[in-house]
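Structure first, commentary second.
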Amino acid sequence: MKKFSLALVLFALSFAFLLASVPLKDAGAQGRPENPGEQSAVRADGRVVAPDGVVFESHKAFIDAGRRCNTRHADDIEIEKIDRKLAANRAANGGGQGGGGTSTDGSRLYATGSITIPVYFHVVSKADGTGNIPDSWVDAQIAAMNEHFGGQDGPVYREAAANMSFRFALAGLTRTVNDTWYAAGPGSTAESQMKNALRVGTADDLNFYTNSGGGYLGWATFPSDYTSKPKMDGVVCYWASLPGSNYVPYNEGDTGTHEVGHWLGLYHTFQGGCAGSGDGVADTPAERDSTFGCPTGSLDTCRRNAGLDPYENFMDYTDDPCMYKFSLGQVDRSDSMWSTYRAGK
């Protein structure tokens, strides 16, 4: 009997060692709790629950895994080509050679709040009801974007926010129950099927999809992508990132604002790090990498470049309560993007 018990112990230890040697799917990730969107994203122990339920050991691990945003980064060659097109279009429209974030309100292409973008909302949920958000959350997301693009978000703890040219109005709402589309991630066949079936309008209509986020908080397409792939145009956000959920600190609608910023042609403020072309905006200083959480005080991760890290900007990765602004340069660039790639297209 003792020999048999010893054999069982040895087998159990060997099996445990084998399991321990198998790597997790995501570095720093553990476990997969049910319905992550119904609880806080950040646990009391500092771990972060991703939209697909993967638990990361820290806020940094969650950000480093790319779960905050899966919008692609344009490379320097693509940006140079886009900038030439923006400059030519801006000159043709009487706005000088700008487009890179050096203009003042007096030289902007469009007046404050003069463009109202129709928003077609597509709520995609599972058969068990997961993701079937109420109309009030949709209305709250639209209201949040109007507040953010109007420069009215708070609290303002560094410079004042710019008042953008864009406002948003709900133009339509669809509800679809489809487990496959609910799980659609960026670049997936399911994403293509979902968008081909649901998307409406032209280049200046915003199609806003909510589903599982494919494990990310969201992603978007750029204005320059529209001509080659019009049906893929739009933004996709995790349903629990909308105002009304319990997914703190990503439940104030800032993910939607961030992704719509991409849809209007803005890049991440940390694109290119301390070198390269950056985000193409002069008044969003370079930063070495994305900022996460809720920093206090000044950060200067690119000391050879002028200016402090713009971590309060909607195009960085800080928590929803701690990002509150677009810059005047981003007004200039998004106006140019709109005129060149979306207006009347």
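Within the stretch 234-257, one or more residues are in contact with a helix residue (DSSP H, G or I) (Cβ under 7 Å, 6 or more places away or on another chain), in the same structural domain as residue 312 (by TED's automatic domain parsing) and under 16 Å from residue 327 (Cα atoms). State which residue is surrounded by the most Cβ atoms within 10 Å (Cβ to Cβ) when the search covers only the stretch 227-241 and only residues that are outside any helix (DSSP H, G or I) and charged (D, E, K, R). By that ranking, first place goes to 233. Return yes when residue 243 is at pLDDT 95 or above, within 27 Å of residue 129 (Cβ to Cβ) and out of contact with any Gly (no Cβ under 8 Å at 6 or more places or on another chain) and no when it is not. Considered against the rule, which asks whether it is at pLDDT 95 or above, within 27 Å of residue 129 (Cβ to Cβ) and out of contact with any Gly (no Cβ under 8 Å at 6 or more places or on another chain), residue 243 comes out as no.
Taken over the stretch 47-61, the criterion of being closer than 17 Å to residue 211 by Cβ, surrounded by fewer than 18 Cβ atoms within 10 Å (Cβ to Cβ) and modelled with pLDDT of 95 or more is satisfied by no residue. Checking each residue in the stretch 207-255 for being among the charged types (D, E, K, R) and more than 10 Å from the chain's Cα centre (by Cα) picks out 225, 229, 231, 233, 252.
Being in contact with a strand residue (DSSP E or B) (Cβ under 8 Å, 6 or more places away or on another chain) and in a loop (DSSP other than H, G, I, E, B) is the filter; apply it to the stretch 168-201 and report the residue that is farthest from residue 214 (Cα to Cα). Only one residue fits best here, namely 201.
Within the option set 332, 279, 289, 316, being closer than 23 Å to residue 88 by Cβ, touching a Ser or Thr at 6+ places or on another chain (Cβ under 8 Å), in the same structural domain as residue 219 (by TED's automatic domain parsing) and in a loop (DSSP other than H, G, I, E, B) holds for one residue only, 279. For the stretch 120-145, a residue qualifies if it is surrounded by fewer than 18 Cβ atoms within 10 Å (Cβ to Cβ), touching a strand residue (DSSP E or B) at 6+ places or on another chain (Cβ under 8 Å) and either among the acidic types (Asp, Glu) or closer than 24 Å to residue 232 by Cα (or both), and the qualifying residues are 126, 132, 135, 139.
Of the candidates 213, 218, 273, the single residue that is in contact with a strand residue (DSSP E or B) (Cβ under 9 Å, 6 or more places away or on another chain), closer than 23 Å to residue 295 by Cβ and either crowded, with 17+ Cβ neighbours inside 10 Å or of a type outside the set (Lys, Arg) (or both) is 218. Quick test of your reading of the structure: residue 261 fulfils all but one of (1) part of a loop (DSSP other than H, G, I, E, B); (2) under 17 Å from the mean Cα position of the chain (by Cα); (3) touching a residue at least 40 places away in the same chain (Cβ under 8 Å). Name the failing condition by number. Unmet condition: (1).
The values are calculated or read from the model by the stated rules, or taken from the named source; none is laboratory data. This structure is a prediction, so every number in the text was calculated from the model and none was measured. Quick reminder, even Gly has a Cβ in these numbers, built from the backbone with ideal geometry, and neighbours come from all protein chains shown.
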